[in-house]
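Since the structure comes first, as structure tokens, the remarks are kept for the end.
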Amino acid sequence: MLRRRTKPVVAAKPNGPLWIAEDPFRGDRALLVDDDAVAPLSGDNHLSTALVDYLLQRSLQPSDLQDTTLVCSANSLHFFHQVNAKISIAHSDPNVAKSVENIRQRCSHYKDNKFEFVSPFCIDHHFVVVKIVFDLRSPDIFHEVSVYDSLIKGGRRNNSVHRNSPPAKYLRPFQQFIANFCSFGNPKCEVLLANPDLIMEKAVYRSCPLQQNGFDCGFFAFGCVLHLLKGLDMSADIFNQQHISKLRESLRTVFTLTDIGSDVPNPRELLSSSFLCSFFPLQSQNDYHEDVFLRLLVDLPDNCNDIDAAPDDPNKALLPGLDDMPLNPRLGADPQPKPTTYRDNYFTSQFIEVPKEFEDMSKVDVAIDDYEESSGVRLIIARSRGTGSRLYFCASHVGCCFRAKFGRERGTVPIIYKQELSNPFHCGQPVPPKMKGRAPKKRVRDKLEESVDHVIEVTDGTPVSKDVIKAAANVQGVRASYNQAFRAIGRAVTKTQREKQQASFGLIMSYLHHFQLRNEDSTVRAESDADQRLRRLGICPGFMKHSLRHVRPVLSLDGAHLKSQWKGTLYIASVQTACNDIYPVSFAVMKDGEDTEGWKWFLELLVQAVPLLKMQHPDNRCKFCYFTLISDRQKGLIQALQQVFPDNHHCFCSVHIARNVEKEVGKQVAKHVYALSATFSKRESDELMAKINAISVRGRKYLEDITANQWRSTAWVDDPTLPPRFGIVTTNMSESANEMFGEARDGSWLECTNAIVRTMMNRICSLREENYGREGVVDKVATILERRWKNCAGFQVREVVKGGSQFDVFRPSRGASQPESNRLLNVNEQTCECGKWQEHGIPCIDAVAYYRVFQMKTMQYILDNHVSEHYKYETINELLKENIVPVSLDVLDQDGVTLPPNRTKRSSGRPRKKRIRKRSRFAHDPDKSPIVRSRCKKRGHNVKTCVAREQLEKQHPAELDLS
């Protein structure tokens, strides 16, 4: 049986701060583990907190830690709950009060310095690590709150810790402990107690290694704490699941060896820091291998009496004669020699020595089939990205290192073999034969496509899978399954559609020409590159020049992605009618995404087509042009608007601002953004900002950084020179237009353009039929005024100056939600302190009270004389008087010149080939550079820029080392 020590070795306390929550390093006792604590090592079980603390104590010495570094036990959450609960009963129990006072004395010096707190903790059988940097002397108490969870990928855009997540259940008790015991009697105590979620504002998930099995979270937490305490930067690849699995297996072997003689010390006590750290790549400092440790446990010599400590020299054997001992049979036979690695000469001769270019991936498949038939090596597709990139692995060897990458170079069309991303070498044992002698599956794709073409030629109608199976067996001699035949038919149909869509680009110029002939004064533009590949096209009907006089002057701009093979971006400009119906104005289709150049091209098309957009505002008080432009804060669009429309007012969509706020600080703040943008009351605006500030200070600062006169209605009350928005504070009209053109975005550029034109034409026809024969104010506005007419009963209107235009309107109280208030009204300027009259163009409730109570007018008088023309059916009829004349695709001619655009846009995300592009940020401090020269062992330069290399090259050119 294992022999245990009767006297545990107690770790000496350093001169640093006292430990809290049973510090595994600075505690007053050596930790021991029983059989129950090590039992989870067997099988797929979670670790116990006692075993995690034991491993931490064995991995480092107290002298290895800084005095300002605090470490807690993995069971520290229970400690925080226990001591925090004493505060509520300390006033009634003298013993508890004395205990609280003792803890406060021990922790009082934590307010005199900046400390780094690192701790693993377990909640719901899951281990997580936190790192908290706090300074009670600083205005910002918590400088860093990092959470490392092996189940959550950190480093994302929205990596904030949720307020109801397991880490939050640990961070709040920690803040309460700091407030009750570390900062007691300090002004920071009140701050921490007043805002229990103060620590959550800084809590973010950081990148760390991720587990793959769901039960090794304890070992991952142990590894993270070990790296953090040694001052190493955490990353997702600092260690992986294989290292952790090896550590678990080795510890299970150590803790289950029970047949050692009585003269051998407890093997658990032989666990050392070098052994535990050897399983982590960045922690390993010698070749302290697991086999050596296990041989020490199993094959101990008889003359060994004292092996409590390892030798100082890690290169020496731990025991005399250890290197000459045979490996114990219990540990298994000697490992098999590594298989030899050889170069695939046939693959090299076919693809490397003579470079080839392929038109598409089908040609690559033919070349790979020929290689497989000649060499006997089977390749499988490991990764395929559309029709432009493919990666092949070897399937004839186990764990083979062979890689073959085919793809396009950036900005080119042909597919080539990418030698720098490939490896033409084979290794590993041959793959065992298939069950029942079954041969590997052969590719039948090309042969089935020929069978589909044969069926189309000899039969009428759409081919079916049954006919393709028969044709493949009779004509090609291939046995195909139903699914293979079905997919082959789908590919053939898709190929036919693709060919038609590609040919349709030659009809676009003819379409634009016919459109301009049938629709006079229309603005039509198209742009191609030097290779006659179409880049952009835009259309704006000619009648928009005068039709836009009959809409509310707010133009919404937005873009949407096309979904066809050639992709692209759809740019849309739209307005609203008097009945809030969507009315598209113009559109453009472009090759690139939403960038400054594309938006500038589209906006210049709008200026050329509709000069009304830059017309001077009829209200002399307004310093901007007639039309206001509203967008979703897209960066390229903002820059283009400043260049093309410098004299027009530009507003932001409040819904998009709310979405951005939700990504930054969460939904609790985002739900107040729309109300904040729509209200004209400064009092209500201040109340909303106070609520936001109570939830998140960072959210309040984010909203305050956005210019107020571009989204908050209170700015319109303060500045009468701003043009009215007519209550339009979102880009919903653009989003509705994108939905309206949803089906059009699925086709080619010609199909998309024709579908959008016909949708615009049908839209005008349907709105014209809906509003035909109607007169007066639109129903929605009339309903609003009638409701205001009823609600203004009881209002008091007083003339401020006899014979003047200013009136004070007093609103009596109507419950707690509507306290009494008063507004100042100017009837000549048609303005009110509530802001709604001058904003919407219809009388507010105070103006309706003036006409009803003071002027003694009727409701019909208000509808006839004091409602803006933008809200009348006569305006809608003028707007819808003209329509688009469509173009039939049957009259178009091929120009034989225009080609589809190149699809050379790089996919989103970080490039897969990681490299350090520049070293300028390490020029002032080379010691922090990740680049290390292997020869001189200095940081900040490589072999090409090494001074020692230059000197050696001058003296001994033949001995130059390029390693």
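The values are calculated or read from the model by the stated rules, or taken from the named source; none is laboratory data. These numbers come from a predicted model, not from an experiment. Backbone-built Cβ (ideal geometry, glycine too); neighbour counts: all protein chains shown. To get the accessible areas, we keep the full protein, side chains included, count just its heavy atoms, and leave off ligands, DNA and RNA. Shrake-Rupley method; radii C 1.70, N 1.55, O 1.52, S 1.80 Å.
Here the helices (runs of 4 or more DSSP H) wholly within the range 809-875 that include at least 2 residues being open to solvent by 60 Å² or more (accessible area, probe 1.4 Å) and more than 20 Å from VAL554 (Cβ to Cβ) are 859-865. Would you check if SER262 is open to solvent by 10 Å² or more (accessible area, probe 1.4 Å), over 19 Å from ASP44 (Cα atoms) and modelled with pLDDT under 75? When the stated conditions are applied, SER262 passes them. Can you pull out every residue in the range 711-759 that is within 27 Å of the chain's Cα centre (by Cα), open to solvent by 10 Å² or more (accessible area, probe 1.4 Å), closer than 19 Å to PRO553 by Cα and not β-branched (Val, Ile, Thr)? The answer is ASN732, GLU735, SER736.
Look at the range 128-145: where a residue is farther than 11 Å from LEU171 by Cα and at pLDDT below 90 and a partner is among the hydroxyl-bearing types (Ser, Thr, Tyr) and open to solvent by less than 10 Å² (accessible area, probe 1.4 Å), sitting 6+ places away or on another chain with Cβ atoms under 7 Å, you get LEU136/TYR110; LEU136/SER183.
Within the range 171-191, take every residue that is without any contact (Cβ under 8 Å) to a residue 60 or more places away in the chain and under 32 Å from the mean Cα position of the chain (by Cα) and give me the one that is surrounded by the most Cβ atoms within 10 Å (Cβ to Cβ).
The selected residue is LEU171.
State all residues of the range 760-781 that are farther than 25 Å from PHE741 by Cβ, under 46 Å from the mean Cα position of the chain (by Cα) and not charged (D, E, K, R); if no residue qualifies, say none. Selection gives VAL778, VAL781.
For the range 393-407, what are the residues that are open to solvent by 70 Å² or more (accessible area, probe 1.4 Å) and in a strand (DSSP E or B)? Within the range 393-407, ARG403 is the sole residue that qualifies. Kindly indicate whether any position in the range 52-60 is acidic (Asp, Glu), touching a residue at least 24 places away in the same chain (Cβ under 8 Å) and in contact with a Gly (Cβ under 8 Å, 6 or more places away or on another chain). No: zero hits. Residue check: GLU882 meets all listed conditions (1) under 30 Å from GLN516 (Cβ atoms); (2) in a helix (DSSP H, G or I); (3) in contact with a Phe, Trp or Tyr (Cβ under 7 Å, 6 or more places away or on another chain) but one, namely (2). Pairs are defined by a Cβ separation below 8 Å, a sequence spacing of at least 6 or placement on different chains, a first member in the range 471-483 that is closer than 8 Å to LYS447 by Cβ, and a second member that is open to solvent by 60 Å² or more (accessible area, probe 1.4 Å) and not in a helix (DSSP H, G or I); the pairs so defined are ALA472/ARG479. Among residues of the range 233-252 that are at negative phi and in contact (Cβ under 8 Å) with a residue 24 or more places away in the chain, those with a Cβ under 8 angstrom from a residue that is among the polar types (S, T, N, Q) and crowded, with 16+ Cβ neighbours inside 10 Å, sequence gap 6+ or separate chain, pair up as MET234/SER207; SER235/SER207; ALA236/SER207; GLN241/GLN211; ILE244/GLN211. Scanning the range 492-505 for residues that are open to solvent by less than 40 Å² (accessible area, probe 1.4 Å) and either without any contact (Cβ under 8 Å) to a residue 24 or more places away in the chain or farther than 20 Å from ILE456 by Cβ (or both) returns SER504, PHE505.
Among the residues of the range 568-577, is any open to solvent by 10 Å² or more (accessible area, probe 1.4 Å), at negative phi, at pLDDT 90 or above and not in a strand (DSSP E or B)? No, every residue in the range 568-577 fails to be open to solvent by 10 Å² or more (accessible area, probe 1.4 Å), at negative phi, at pLDDT 90 or above and not in a strand (DSSP E or B). Scanning the range 517-530 for residues that are in contact (Cβ under 8 Å) with a residue 24 or more places away in the chain, in a helix (DSSP H, G or I) and open to solvent by 40 Å² or more (accessible area, probe 1.4 Å) turns up at least one hit. Only residues that are outside any loop (DSSP other than H, G, I, E, B), of a type in the set (A, V, I, L, M, F, W, C) and under 19 Å from ARG763 (Cα atoms) were counted in the range 718-752, giving 5. Among residues of the range 531-548 being assigned to a helix (DSSP H, G or I) and out of contact with any Asp or Glu (no Cβ under 8 Å at 6 or more places or on another chain), the one that is nearest to ASP592 (Cα to Cα) is MET544.
Considering ILE508, ILE489, which residue is assigned to a helix (DSSP H, G or I), more than 15 Å from PRO463 (Cα to Cα) and out of contact with any Asp or Glu (no Cβ under 6 Å at 6 or more places or on another chain)? Please lay out each step first, then the result.
Numbers: ILE489 fails: more than 15 Å from PRO463 (Cα to Cα).
From the options ILE508, ILE489, the qualifying one is ILE508.
With respect to the conditions (1) of a type outside the set (Asp, Glu); (2) open to solvent by 70 Å² or more (accessible area, probe 1.4 Å); (3) closer than 21 Å to GLU116 by Cα, GLN242 falls short on a single one, namely (3). Residue by residue through the range 876-902, note down the ones that are open to solvent by 50 Å² or more (accessible area, probe 1.4 Å) and touching a strand residue (DSSP E or B) at 6+ places or on another chain (Cβ under 9 Å). VAL897, LEU899, listed by residue number. For the range 413-438, filtered to residues that are in a strand (DSSP E or B) and not hydroxyl-bearing (Ser, Thr, Tyr), the residue that is nearest to PHE351 (Cα to Cα) is ILE416.
Among the listed residues GLY815, GLY841, which satisfies the condition of being touching a residue at least 40 places away in the same chain (Cβ under 8 Å) and under 52 Å from the mean Cα position of the chain (by Cα)? Outline the logic, then answer.
Numbers: GLY815 fails: touching a residue at least 40 places away in the same chain (Cβ under 8 Å).
None of the other options fit; the residue is GLY841.
A single member of ARG390, ARG410 is among the charged types (D, E, K, R), more than 19 Å from GLN350 (Cα to Cα) and either touching a residue at least 24 places away in the same chain (Cβ under 8 Å) or outside any helix (DSSP H, G or I) (or both), and it is ARG410.
Checking the structure you have, find out if any residue of the range 684-699 is in contact with a strand residue (DSSP E or B) (Cβ under 7 Å, 6 or more places away or on another chain) and either touching a residue at least 60 places away in the same chain (Cβ under 8 Å) or open to solvent by less than 40 Å² (accessible area, probe 1.4 Å) (or both).
Within the range 684-699, the first condition is being in contact with a strand residue (DSSP E or B) (Cβ under 7 Å, 6 or more places away or on another chain), and the residues that meet it are none.
Checking the range 684-699: not a single residue is in contact with a strand residue (DSSP E or B) (Cβ under 7 Å, 6 or more places away or on another chain) and either touching a residue at least 60 places away in the same chain (Cβ under 8 Å) or open to solvent by less than 40 Å² (accessible area, probe 1.4 Å) (or both).
Counting the residues of the range 57-78 that are among the hydrophobic types (A, V, I, L, M, F, W, C), modelled with pLDDT under 85 and within 30 Å of ASN213 (Cα to Cα) gives 1.
Out of ASP44, ASP67, one residue alone is part of a loop (DSSP other than H, G, I, E, B), farther than 17 Å from THR253 by Cα, open to solvent by 20 Å² or more (accessible area, probe 1.4 Å) and in contact (Cβ under 8 Å) with a residue 40 or more places away in the chain. It is ASP67.
If you take the residues of the range 598-627 that are in contact with a helix residue (DSSP H, G or I) (Cβ under 8 Å, 6 or more places away or on another chain) and of a type in the set (Lys, Arg), which of them is farthest from ASN709 (Cα to Cα)? My answer is LYS600.
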